[in-house]
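Pasting in a structure now, in C-alpha cells, and then I'll have a few things to ask.
Read the figures in this text as sums done on the coordinates, not as results from a lab. Being a predicted model, the structure only gives us computed values, none of them experimental. All Cβ positions, glycine included, derive from the backbone under ideal geometry; neighbour counts span all protein chains shown.
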Ligand code: G1P
C-alpha cells in the first residue's frame with residue numbers, strides 16, 4: 001500500500017535551555033548558531049529537504065525571535081540591495097519556508113515532550129506527521145528525515161518510524177531506547193520502547209535520536225498520557241500505547257548525530273560543521289592542528 005505523503009513537521013522549541021545559561025537568558029537555545037546557522041535553521045533545512053511543506057513550532061515564552069527568524073527582515077533586505085549583496089539576499093530568501101508554511105502554537109506549561117507534541121494536534125489534523133527535535137543535528141548530505149521517509153515507502157500506511165542509533169550502554173539512561181525485532185527492508189520492527197531506562201533494564205543500546213514519523217492516532221493517547229520518567233508526559237510512553245494497535249519500525253540512519261542539548265555535543269557540532277564548509281574547513285583544520293600540537 002502506498003503511504004500518504006509526510007507534509008507536516010512539529011518542532012518542539014519550548015524548552016528553557018538552562019544548560020546553556022547565561023547564553024540562553026534572553027535568547028532561545030534554538031537560536032544558538034552551529035557555524036553561522038541557528039540550530040532551528042539546520043533542522044528546518046533538513047525538514048524541507050525531506051519534502052516537508054508545513055513547519056509547526058511549539059514555542060513558549062521568550063521564543064518570539066524564532067518567529068521573526070522565519071519571516072522577511074525588510075530593513076535588512078533593503079540594506080543588502082543597496083549594497084549590492086545579491087548572494088546574501090538570495091540565500092536569506094532560500095532559507096525561508098514558503099509563505100503560509102509555518103505555524104506557531106504555545107506549550108503553556110513545561111509538562112514534557114509528549115505534551116509539547118500534543119499541543120500541535122489541531123495544526124496537524126488527521127494525517128501522519130514528523131517530529132524533529134532541534135537539539136539533535138544529523139550530519140549527512142540528505143539529512144535524517146529524508147532517509148526515514150525513503151525507508152518507510154515499503155512499509156504499511158499506518159507504520160510509525162523512529163530514527164535510532166547506537167550509544168554506549170552507560171549512556172542509555174539519557175535516552176528513549178528500543179528493542180530490536182526482525183528486519184523489514186532498511187528498517188527493523190521495534191519490539192519495545194522504554195524512556196530513560198537503567199542500563200540493566202534497557203532492551204538494547206539503540207537510542208531514539210530525535211526524529212519520528214508518527215500516525216495521528218498518537219494525539220488521543222498523548223491527551224490521556226500520565227506523567228512518566230522525570231515526572232513529564234513522555235512521547236515514548238504514548239508510543240508504547242500506540243504500538244498495541246500500530247506497527248513501529250526503527251531506522252539506523254546514515255550520518256553522524258550531535259546532541260546539541262549538551263555543551264560537548266554543541267561544541268563538537270560546530271567543529272564538525274565548520275570542517276565540512278569549503279570556505280572555512282581548511283583554515284579551521286590548520287588552526288585545530290596547531291592548537292592540538294601545542295597541548
Ligand atoms: C527526548 C526523548 C528521548 C530521546 C531524546 C533524543 O529526551 O524523550 O526518547 O532519546 O529526546 O535526544 P530529552 O532529550 O528531551 O530528555
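Using alpha-carbon pairs under 8 Å, 6+ residues apart, how would you state the relative contact order of the range 11-130 in percent?
Worked out over the range 11-130, it gives 32 percent.
Beyond 20 Å, how much of the Cα-Cα pair distribution for the range 196-275 remains, as a whole percent?
Details: 1594 of 3160 pairs.
In whole percent, the share of Cα-Cα pairs in the range 196-275 beyond 20 Å is 50.
Top mean-square fluctuation among 123, 145, 21, Gaussian network model of the chain, C-alpha springs under 10 Å?
Comparing 123, 145, 21 in the GNM, the peak value goes to 21.
If one puts a single equal scatterer on every Cα of the range 108-153 and applies the Debye formula without solvent, what log₁₀ I(q)/I(0) results at q = 0.23, 0.28 Å⁻¹?
-0.97, -1.08
For Cα pairs less than 8 Å apart in space and 6+ apart in sequence, what is the mean separation divided by the residue count of the range 98-248, i.e. the relative contact order in percent? Show your work: numbers first, answer last.
On the way: 242 pairs, mean separation 47.7, N = 151.
Reported as a whole number, the value is 32 percent.
With angles folded into 0 to 90 degrees, how steeply does helix 281-294 sit against the dominant principal axis of the chain? Use alpha carbons for both and round to 10.
Approximately 90 degrees, to the nearest 10.
Principal axis extents for the range 1-141, Cα atoms only, whole Å, descending order, please.
48, 45, 28
Using Cα pairs closer than 8 Å and at least 6 residues apart in sequence, work out the relative contact order for the chain, in percent.
RCO, the chain: 22 percent.
GNM on the chain, C-alpha springs below 10 Å: top fluctuator among 226, 99, 269?
In this elastic network of the chain, the residue with the biggest mean-square fluctuation among 226, 99, 269 is 99.
Give me the distance between the Cα centres of the range 170-191 and the range 226-240, rounded to whole Å.
Cα centres, the range 170-191 to the range 226-240: 18 Å.
Any chance you could tell me what percent of the C-alpha pair distances in the range 5-82 go past 14 Å?
Everything past 14 Å amounts to 67 percent.
Within 10 Å of each residue's Cβ, count the other Cβ atoms and sort 127, 46, 170 from fewest upward.
By the 10 Å Cβ count, ascending, the order reads 170, 127, 46.
Quick one: among 279, 259, 95, which has the greatest mean-square fluctuation in a GNM of the chain with alpha-carbon springs under 10 angstrom?
Greatest mean-square fluctuation among the candidates belongs to 279.
Averaging over every viewing direction, what projected area does the convex hull of the Cα atoms of the range 57-199 cover, in nm²?
In nm², the orientation-averaged hull projection of the range 57-199 is 12.1.
Also, quick follow-up: Once you have a ≥ b ≥ c as the square roots of the Cα gyration tensor eigenvalues for the range 166-231, tell me rounded if a/c is under 1.5, and otherwise prolate or oblate according to whether a/b is larger than b/c. Before the final figure, lay out the partial values.
Numbers: a/c = 2.13, a/b = 1.12, b/c = 1.91.
Since a/c reaches 1.5 but b/c is at least a/b, the shape of the range 166-231 is classed as oblate.
Now for a separate question. So, R0 is 35 Å and r is the distance between the beta-carbons of residue 241 and residue 276; what FRET efficiency does that work out to, to 0.05?
After rounding, the FRET efficiency stands at 0.30.
Related question: Just the number, please: Stokes-Einstein D of the chain in µm²/s, Kirkwood Rh from C-alpha pairs, 20 °C, 1.002 mPa s.
It diffuses with D of about 107 µm²/s by this estimate.
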